[in-house]
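Scroll down for the structure; my scribbles are underneath it.
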Amino acid sequence: QVQLVESGGGLVQAGGSLRLSCAASERTFSSSAMGWFRQAPGKERELVAAIRQTATTKYYSDFVKGRFTISRDNAKNTLYLQTNSLKPEDTAVYYCAMKLGSLSSRRWEYDYWGQGTQVTVSI
């Protein structure tokens, strides 16, 4: 059973930065597409960014383009999300997810999920 464990969330002022990490328990990490999603209270879970197995292709939702960067280290089975210029509307629980196979922007195609890490951006 694949386990994904997020870390790096916290409370930050608007304009600040956080680096989120997601550690995977299995070697399937290197052969899987990965994504970061987020869910704010009362809202649906939405895709933030996704990355292909070899990191040659990355996808970003419009609301984070130019501010967030997704990356991965297959040797460490770890996924990252560098978040810069944070805004109060970025406040949410951030989840990493693994998709066996090709890259996708569709939430329902992801096979494994972490428990999430809270990011709170204050004014």
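The values are calculated or read from the model by the stated rules, or taken from the named source; none is laboratory data. Please read all numbers here as calculations on a predicted model, not as lab measurements. Ideal geometry is used to build each Cβ from the backbone, glycine not excepted, and the neighbour counts take in all protein chains shown. Side chains included, ligands, DNA and RNA excluded: accessible areas come from the protein's heavy atoms. Shrake-Rupley method; radii C 1.70, N 1.55, O 1.52, S 1.80 Å.
Before moving on, here are some points about what is shown:
- Mean separation of Cα contacts under 8 Å (6+ apart) over length of the chain, as relative contact order %: 36
- Total lysine pairs in the chain at Cα distances under 23 Å, for residues eight or more apart or on different chains: 9.
- GNM top mover of L11, L81, L103 - the chain, alpha-carbon springs below 10 Å: L11
- Residues in the stretch 48-75 that a label on R27 would reach, taking backbone N under 15 Å of a point 7 Å out along Cα→Cβ: 74-75
- Heavy-atom surface analysis with a 1.4 Å probe gives the chain a carbon and sulfur content of 46 percent of its accessible area.
- Accessible surface for the chain, divided over its residues, is 52 Å² per residue with a 1.4 Å probe.
- As a length-normalised measure over Cα pairs under 8 Å and 6 or more apart, the relative contact order of the stretch 40-85 settles at 27 percent.
- Solvent exposure of K76, expressed as accessible area, is near 130 Å², computed with a probe of 1.4 Å over the protein chains only.
- Ranked by the mean number of other Cβ atoms within 10 Å of their residues, highest first, the peptides 85-97, 38-50 come out as 85-97, 38-50.
- Pair E44, Q118: separation of 7 Å Cα→Cβ label points (nm): 2.6
- Cα-based radius of gyration for the stretch 12-91, normalised by 2.2 N^0.38 Å, reads 1.12.
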